[in-house]
């Protein structure tokens, strides 16, 4: 089981660099080192370690870190590239790393899985301000990426975090407290696949795929060797400390001058004793943000020197104030939405902003104000006593940190002519059924049903409904021609005088393949898969093991309506598998267990 669990984890590279082609790994090793020492042994680039499943496993030394490659990689284009599953080292025919505590400790301490520096896409680029481009899509700190829904129907929210210049994924289960150390990429692939109704954030403004996630996000901290064989080169010049700013109890920013400095070792001292220390990632600029465990207020000394090059030590004193400190960046108001007379949502950009003070002003006078709780997202919902219709100004600034004021105007509209609740959609055989309930109305005329594009920005009218004689009550509309995939809908509520307002946007997934059932599960030699298809055609049936390796593939004809297929699994080893059914550009996954 430990072997299977290890497969799910991907190691990260600390530092922000544009991803380089992994086909050049073997060409670039000697630029830094070809031998390193870790776990009590010397690792040599391209060293044969043993065979796994009859295929050779070799060492890769890349940027002074240890990786492995496997000649049995299911992706032929990556035979000479870093391999993700480091746990295969525990199962070599040479027994070089015994599957015991000692062998596990060496692998866990020394060997890295693939990371963005081993991807050939070139998607990851240096930071632009407070955002990091991924395939020209700007990723900001605290950006909600998506929501995973487990089999227990509990939601897990996944946010992009920028930590030490590194894109990470922070997750939080609903009804759980925010944990800044809850960092993992373990659920993002299932979220992208829509498992159990999971979905990516429809308000991102762009779409992300798993290749982009792998190319830009880091699953874990890097693993460096204990030492490097050979002399460490001198830094060309510096690093020499410049300024220290944005000081808080858990972070600071420093600038330095110098060249030929790939990374920096830093230490914080109190009365001559080191209290915090670490190594930066690969440096993309001469401005460095570092984070550390909380320090008490007082006087400290920051020391820096070359990390992978030799230099003198440069020092500078600084003070951590126990009172409010400057916010690292922002907060800056980006947008105001979901406006009612008693609530609204605002989005902001910022870094190191745990809490925000907000004010609503009318003609320069504050009419509503409060402080948010601890923030876990860059989208903030606030509630307040009812406001009269009219024009207002929203102001925000740091709560527990000092910042300038950011403001934006907004309007509170007249009460809706039609007040609806429970606007929702359901995918049915005949299409997507939309339903909503009118609880009150005043001079209302009816509804226009809008379907939005894939980015939920532009819309088209797909139908109209007038209010019934009863006015209040339940209303339904069927979109008989939904798009395959995610559809976005909105109601336009029209008044008798032609004025209108719009409802919130909802999303409904309309899949070609649905109502999938596999039985028996667990299965021995055969299993029956039943499913419905909205179209006739063909579907690919692929079976993957927990390492993500495809072990079986077949194609089946589809008829419109109910389908069933018998699949021979007698040749599979016992264990857990995923059946992936793909029709067109849509796919659905089912998990099953093979037993003897």
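The values are calculated or read from the model by the stated rules, or taken from the named source; none is laboratory data. Because the structure is a prediction, the values reported are computed rather than measured. Glycine gets a Cβ as well: all are built from the backbone with ideal geometry, and neighbour counts include every protein chain shown.
General observations
- Residue match in segment 487-508 (condition: modelled with pLDDT of 85 or more, exposed (fewer than 15 other Cβ atoms within 10 Å of the Cβ) and closer than 17 Å to residue 434 by Cβ): yes
- Residue check for residue 454: assigned to a strand (DSSP E or B), under 30 Å from residue 192 (Cα atoms) and touching a residue at least 12 places away in the same chain (Cβ under 8 Å): no
- Residue in segment 90-103 that is assigned by the TED database to the domain that holds residue 40, surrounded by 18 or more Cβ atoms within 10 Å (Cβ to Cβ), touching a strand residue (DSSP E or B) at 6+ places or on another chain (Cβ under 8 Å) and outside any loop (DSSP other than H, G, I, E, B) present: no
- Verdict on residue 531 being under 27 Å from the mean Cα position of the chain (by Cα) and crowded, with 16+ Cβ neighbours inside 10 Å: no
- Once segment 158-188 is narrowed to residues that are free of Cβ contacts under 8 Å to residues at least 24 places away in the same chain and part of a strand (DSSP E or B), the residue that is farthest from the chain's Cα centre (by Cα) is 173.
- Matching residues in segment 500-518 - criterion: being closer than 30 Å to residue 531 by Cα and not in a loop (DSSP other than H, G, I, E, B): 506, 507, 508, 509, 510, 513, 514, 515, 516, 517, 518
- Residues that are in contact with a strand residue (DSSP E or B) (Cβ under 6 Å, 6 or more places away or on another chain) and either closer than 12 Å to residue 489 by Cα or modelled with pLDDT under 80 (or both), drawn from segment 408-421: 416, 417, 418, 419, 420, 421
- Within segment 212-225, the set of residues being in contact (Cβ under 8 Å) with a residue 60 or more places away in the chain and either in contact with a helix residue (DSSP H, G or I) (Cβ under 8 Å, 6 or more places away or on another chain) or more than 21 Å from residue 62 (Cα to Cα) (or both) comprises 212, 214, 215, 216, 217, 218, 223, 225.
- Residue in segment 318-326 that is in a loop (DSSP other than H, G, I, E, B) and either under 16 Å from residue 262 (Cβ atoms) or within 24 Å of the chain's Cα centre (by Cα) (or both) present: no
- The lone exception for residue 122 - which of (1) touching a residue at least 60 places away in the same chain (Cβ under 8 Å); (2) surrounded by fewer than 15 Cβ atoms within 10 Å (Cβ to Cβ); (3) out of contact with any helix residue (DSSP H, G or I) (no Cβ under 9 Å at 6 or more places or on another chain) it fails: (3)
- Residue count for segment 264-293 satisfying the condition of being surrounded by fewer than 20 Cβ atoms within 10 Å (Cβ to Cβ), in a loop (DSSP other than H, G, I, E, B) and either touching a strand residue (DSSP E or B) at 6+ places or on another chain (Cβ under 8 Å) or free of Cβ contacts under 8 Å to residues at least 24 places away in the same chain (or both): 6.
- Per-region count, segment 383-398, residues surrounded by fewer than 18 Cβ atoms within 10 Å (Cβ to Cβ) and part of a strand (DSSP E or B): 5
- If you go through segment 459-480 and keep only what is exposed (fewer than 14 other Cβ atoms within 10 Å of the Cβ) and more than 32 Å from the chain's Cα centre (by Cα), you end up with 461, 464, 466, 468, 469, 470, 471, 473, 474, 476, 480.
- Test: residue in segment 161-182 that is at pLDDT 90 or above, in contact with a helix residue (DSSP H, G or I) (Cβ under 9 Å, 6 or more places away or on another chain) and surrounded by fewer than 19 Cβ atoms within 10 Å (Cβ to Cβ): no
- Subset of segment 67-86 that is modelled with pLDDT under 90 and in a helix (DSSP H, G or I) - its residue that is farthest from residue 50 (Cα to Cα): 77
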